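The values are calculated or read from the model by the stated rules, or taken from the named source; none is laboratory data. Predicted model, so just to flag it, every value in this text is computed and none were measured. Cβ atoms come from the backbone with ideal geometry, glycine included; neighbour counts cover every protein chain shown.
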Amino acid sequence: MAHETHHGEAGEHSEQTHIEMPAPTFWPMVFAFGVALLLAGIVTHWAVSATGFVIAVCAAFGWWHDVIPHERHEEQPIEPALRPEPILVETRSVVRLQLGEGGHRRRIPEKIHPYSAGFWGGLAGGTAMAGLACLYGLIAEHSIWYPINLLAAMVIPDLGQASIEQLRAFNGLAFVAAFIGHGVISVLVGVVYAVMLPMFPKYAPFWAGILMPLFWSGLVATTLDIVNPAMNARISWPWFVACQLGFGLVGGFVIARSTSISTMQAWSLAERAFLEAPPRDEK
């Protein structure tokens with residue numbers, strides 16, 4: 001079977017009789033030969049290096065004139081049967097994707113958790129954290145009021161200088177201050193979790209429940225040692241970290257299990273103005 005040579009696609013023919021190609025030159029090989037002699041003279045004789053230098057310089061000037069100021073070309077004839085035809089451009093309409101269609105130009109995250117999920121997640125995490133703190137009080141100090149009074153010392157400075165017996169005893173004012181403060185902070189942190197969880201990659205509850213509590217524990221340990229050294233000495237930091245992890249894992253799990261809602265980035269102006277019904281999330 002004879003070998004067939006294909007020159008372009010069918011229908012690609014033109015009226016050109018020649019094609020312009022770069023002209024061949026031998027100066028690069030001469031230049032390489034001169035450089036080889038130049039290096040060979042290092043281990044032989046200086047005359048060999050001198051000869052190589054002269055050859056390399058002459059070849060460099062010859063190569064230079066082949067490409068500068070105008071590159072040399074030569075025309076190659078084209079066989080009539082192999083002449084390319086002009087390519088005909090077919091006019092076609094382009095279908096453009098709308099913003100959000102098929103994920104086009106979507107900003108991450110596409111779905112977020114409602115603030116209500118952060119509220120309930122913060123309460124759940126705060127409950128788990130309070131339970132672990134009371135467990136520590138029973139085991140280490142034989143009183144559930146010790147961690148409560150210690151938490152209230154953040155807003156009641158006198159408790160920071162109280163004795164161990166006073167911290168173990170019930171204090172109504174300290175209980176109210178600790179209850180309100182712990183609840184408010186838990187809800188605020190829960191809302192922050194609801195905003196941050198969609199930005200995490202896979203296993204968001206795990207990473208948010210581990211990384212954020214460890215970061216927060218390190219921040220509190222650093223600042224509390226400067227602000228209130230007496231209180232810092234009374235905190236059991238392993239239990240403090242355990243309580244923070246309990247909050248992060250429980251709160252993150254509750255928030256992650258909540259229903260996600262799509263952002264408004266793909267909505268039209270009429271949908272954002274509620275003149276038209278927005279698209280429903282696919283289940």
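Count, please, the residues in the stretch 30-43 that happen to be surrounded by 11 or more Cβ atoms within 10 Å (Cβ to Cβ) and out of contact with any helix residue (DSSP H, G or I) (no Cβ under 6 Å at 6 or more places or on another chain).
Within the stretch 30-43, residues that are surrounded by 11 or more Cβ atoms within 10 Å (Cβ to Cβ) and out of contact with any helix residue (DSSP H, G or I) (no Cβ under 6 Å at 6 or more places or on another chain) number 4.
Considering only the stretch 76-105, state which residues are at pLDDT 70 or above and either of a type outside the set (A, V, I, L, M) or exposed (fewer than 14 other Cβ atoms within 10 Å of the Cβ) (or both).
Gln76, Pro77, Glu79, Leu88, Val89, Glu90, Thr91, Arg92, Ser93, Val94, Val95, Arg96
For a quick check of your reading of the model, give me the residue pairs whose first member lies in the stretch 38-56 and is free of Cβ contacts under 8 Å to residues at least 24 places away in the same chain, whose second is assigned to a loop (DSSP other than H, G, I, E, B), with beta-carbon atoms closer than 6 Å and at least 6 apart or on different chains.
Taking only residues 6 or more apart or on different chains, the pairs are Val48/Gly41; Ser49/Gly41.
For the stretch 106-165, which residues satisfy the criterion of being modelled with pLDDT under 85 and either touching a His at 6+ places or on another chain (Cβ under 9 Å) or β-branched (Val, Ile, Thr) (or both)?
Ile108, Ile112, Leu151, Val155, Ile156, Ile164
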